[in-house]
Amino acid sequence: MIISVLTLFPEMFESPFSHSIIKNAINKKLIKLDLINIRDFGIGRHRTVDDRPYGGGRGMVLRVDVLFNALEFAKNKFKKKGKQKQKIVLLDPSGKTYNQKKAREFSKLDHLILICGHYEGFDMRIKNFIDEEISIGDYVLTGGEIPAMSIIDSVSRLREGVLPEDAAEIESFSDRNGSMSLEFPQYTRPDEFNNLKVPKVLLSGNHQSIKTWREKQSKRITKKNRPDLLKS
């Protein structure tokens, strides 16, 4: 899978993906991270990428022509003969809220293109050249780079071979019989710490009892923290 990121700050992505699971996935060529600097497509000698908003207002707006040229470059860079599962995503606070279901959808693509905004946002016309808009929550960040990192991480770990088999099936937000729930609590050694004990059932060796306990705990935690995930 190829994940292309259109950004003004490609250096921001170097450290987060130079460690741990995602680094291993990149080294194994399970994931290819393609960072495209929007400024390379800027206008004139100074590589201008933004301008003042029409109608007045504070800040600067990214130009549609610059973004379009960067996007076309990203699309054509890995263009294959025949059908390719490709999606272009604009990272925007006004987009649909990102979730695990969407992460699974994106993980099945051949090529995911993420467009990171900055400053006061985009010229609205770029939305005519994308597939969907995504937000990672009801708050505003200084740019789309951190949302892009979140999406890259969540999508990459779902690709085959990145995690041990079935490791992503029993965690929070997994679809279980038509509904989603949060993961059950986990424990390890020591068996007792500051008078806090590991639940006896986990030490019993009875796998059916452990499974039943975990399912109950998962429902309890979900009902308490995220009742919106539970379906009737």
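How many residues are part of a helix (DSSP H, G or I) and surrounded by fewer than 16 Cβ atoms within 10 Å (Cβ to Cβ) when one looks only at the stretch 40-57?
Number satisfying all stated conditions: 1.
With the checklist (1) within 28 Å of residue 121 (Cβ to Cβ); (2) crowded, with 18+ Cβ neighbours inside 10 Å; (3) out of contact with any Phe, Trp or Tyr (no Cβ under 8 Å at 6 or more places or on another chain); (4) not β-branched (Val, Ile, Thr) in hand, flag the one item residue 14 doesn't pass.
(2)
Is it the case, given these coordinates, that residue 14 is in the same structural domain as residue 152 (by TED's automatic domain parsing) and within 21 Å of the chain's Cα centre (by Cα)?
In short, yes.
Regarding the stretch 58-70, can at least one residue be identified that is out of contact with any strand residue (DSSP E or B) (no Cβ under 8 Å at 6 or more places or on another chain), part of a loop (DSSP other than H, G, I, E, B), surrounded by fewer than 20 Cβ atoms within 10 Å (Cβ to Cβ) and at pLDDT 95 or above?
The answer is no; no qualifying residue exists.
Can you tell me which residue in the stretch 102-146 is surrounded by the fewest Cβ atoms within 10 Å (Cβ to Cβ), limited to those that are aliphatic (A, V, I, L, M) and assigned to a helix (DSSP H, G or I)?
Only one residue fits best here, namely 124.
Out of the stretch 51-74, which residues are in contact with a helix residue (DSSP H, G or I) (Cβ under 8 Å, 6 or more places away or on another chain) and either in contact (Cβ under 8 Å) with a residue 60 or more places away in the chain or on the phi > 0 side of the Ramachandran plot (or both)?
62, 64, 67, 68, 70, 71
Restricting attention to the stretch 19-39, which residues are at pLDDT 95 or above, assigned to a loop (DSSP other than H, G, I, E, B) and within 18 Å of the chain's Cα centre (by Cα)?
Selection gives 30, 31.
The values are calculated or read from the model by the stated rules, or taken from the named source; none is laboratory data. Just so it is clear, the structure is predicted and the values come from calculations on it, not from any experiment. Using ideal geometry, Cβ is built from the backbone for each residue, glycine included, and neighbour counts are taken over all protein chains shown.
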